[in-house]
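The values are calculated or read from the model by the stated rules, or taken from the named source; none is laboratory data. This structure is a prediction, so every number in the text was calculated from the model and none was measured. Glycine gets a Cβ as well: all are built from the backbone with ideal geometry, and neighbour counts include every protein chain shown. Ligands, DNA and RNA are excluded from the accessible area calculation, which covers all protein heavy atoms including side chains. Shrake-Rupley method; radii C 1.70, N 1.55, O 1.52, S 1.80 Å.
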Amino acid sequence: MLENMNEKCAVVGIYGHKEASKLAYFSLHALQHRGQEAAGISSSDGLKLHTIKDRGLVMKVFDEHKLTTLSGASAIGHTRYSTAGDDSILDAQPVFARYDLGEMAIVHNGNLTNAEEVRNALIKKGAIFQTFMDTENLIHLIAKSEKEKLTDRIIDAVKKIEGAFSLVFLSRTKMFAMRDRFGFRPLSLGRLPNGGYIVASETCAFDLVSAEYIRDVEPGELLIFEEGKEPISIKVFEPTPKHCIFEYVYFARPDSKVFGQSVYQTRKNMGKELAHIQPVEADIVIPVPDGGVPAAIGYAQESGIPYELGIMRNHYIGRTFIEPTQEMRDLKVKMKLSPMTDIIKGKKVIVIDDSIVRGTTSRRIVKMLKEAGAAEVHMRISSPPTTDPCFYGVDTPNKDKLIAANMSVDEICKFIEADSLAYLDEAGLLRSVHAEDDKYCTACFTGKYIV
Ligand code: AMP
């Protein structure tokens, strides 16, 4: 039950700004692509925490009036992305609790790999849980810690959890930001124009609120924000970076810098590498929007084949991946993407996407391009075959649903009915993100799990 919770999400924290909840709202808006199921903000006015959370997009959950009730100079926020079936409002974040030191709210991006174990141990000792979220474990661990200060209790608690976590905690007077020792999920620190601070999953949130990027929260680092002080840094764990390479491939927004690099640039590099190792003669290069756009630009630049927009995307519908049943997913793909017949008709087309998961999208796209009159359709994927599920926060299906775990590239090519299919290889992917050392988690492509 627990392993489905807290999939790829967004977190944000604002400290030291009189309109903290509004800035959190704008930041969540910029981070909406990381989760569309639910959104929430907790603020502190110094005496009390206020929380609003609900199902739906950030714009739907909040309005001017609600934000006014979220008063105070600090606020944390969350957008939730989870697999279907558990859309209970209880599972939206922030997770809020009263305990012996006062009030506390937590937001979490990532997956705890020992969640079940920790929860069972807590339940044995009499703890009562309200949600299925692994994040709730933290509340109990903090509340039960025998340490006097919240900082020490947080340290105590995070030492008992394993897996991927980028966390932001809010108490009545302080804010804390923490990243697991591997730095699986991103978390960056910035300065607000008035001197306050922001932490957020991606720097595209900083741009919206005119914050200046300072640095990433380090893997294993706890940052403490207190009034009138510079953030205090505590090294809780020895850092052993294993950043999620899929942030570069698909998840992060191209205008963000994650793990210190421009997402757009790394994606363009993937396209260039792909053109290099998987060339094919064609008339045009087109992206599957929006994910395939930067890689298609890179592919076109490297190959000299003209870049065109051959598929239009309807932006007023959510991500297709979210829907639970195959039937719904098929329908949503049709609603979402339509061909530019004039551009495609009679052409040999290279179509670029960032990844193939179940194969539904690619199959539908090839069919659509053929129906629009494409002479040939060559599918190129700007990452290696997705062969293994993620346990650190990306919402990938079980291995039996991952097409590349069950079919060879030739078989997938036949299944999607393309004239050819080729993927970027692991070496090309690593070159694209300048991974000179071993600091990325590539488990979804290699099955080499870290924890
Ligand atoms: P599929 O139809 O299952 O093969 O899904 C492939 C499409 O989903 C690609 O266009 C990807 O851009 C996109 N995608 C890949 N990973 C994810 C994810 N974790 N969540 C949502 N969409 C994804």
query = Once the convex hull of the C-alpha atoms of the chain is built, how many Å³ does it hold per residue, rounded to a whole number?
reply = 132 Å³
remark   = Semi-axes in Å, largest first, for region 11-130 (Cα gyration tensor, √(5λ)) are 25, 19, 12
task = With a 1.4 Å probe and every protein chain kept in, tell me what percent of the accessible surface of the chain is carbon plus sulfur.
result = 52 percent
query = Whole-Å semi-axes of region 220-293's equivalent ellipsoid, largest first, each the root of 5 times a Cα gyration tensor eigenvalue?
reply = 38, 14, 8
ask   = Hey, any idea what Rg/Rh is for region 176-272, computing Rh the Kirkwood way over Cα pairs?
value = 1.00
message = Rolling a 1.4 Å sphere over the protein heavy atoms, what is the accessible area per residue of region 10-241, to the nearest Å²?
response = 39 Å²
ask   = In what sequence, highest mean first, do 344-353, 223-232 appear when ranked by Cβ atoms within 10 angstrom?
value = 344-353, 223-232
task = For region 103-155, just run the numbers: alpha carbon Rg, then divide by 2.2 N^0.38 Å, N being how many residues it has.
result = 1.12
key: Residue-averaged [θ]222 nm for the chain, counting only DSSP H segments that reach four residues, each worth -39500 (n - 2.57)   = -8000 deg cm²/dmol
inquiry  = Quick one: the Cα spread of region 128-196 along its three principal axes, in angstroms, biggest first?
reply    = 42, 28, 22
query = With all pairs of different alpha carbon atoms counted, what Kirkwood hydrodynamic radius in Å does region 264-435 show?
reply = 16.0 Å
ask   = When DSSP beta bridges are limited to those with both residues in region 264-435, what percentage is antiparallel, rounded to the nearest 5?
value = 15 percent
request  = Calculate the translational D of region 10-241 in whole µm² s⁻¹ from Stokes-Einstein, where the hydrodynamic radius comes from the Kirkwood formula applied to all Cα pairs, the temperature is 4 °C and the viscosity 1.567 mPa s.
outcome  = 75 µm²/s
query = Ranked highest first by the average count of other Cβ atoms within 10 Å around their residues, in what order do 195-204, 129-138 fall?
reply = 195-204, 129-138
inquiry  = Counting heavy atoms of the protein chains only and a 1.4 Å probe, report the per residue accessible area for region 264-435 as a whole number of Å².
reply    = 43 Å²
message = Is the C-alpha gyration tensor of region 1-77 telling us rounded, prolate or oblate? Criteria: a/c under 1.5 is rounded; beyond that, a/b larger than b/c is prolate, otherwise oblate.
response = prolate
message = So for each of 140-149, 243-252 I average, over its residues, the number of other beta carbons within 10 Å; can you give me the resulting order with the highest mean first?
response = 243-252, 140-149
message = What does the C-alpha gyration tensor say about the overall shape of region 345-400? Classify as rounded when a/c is under 1.5, otherwise prolate if a/b is larger than b/c, or oblate.
response = prolate
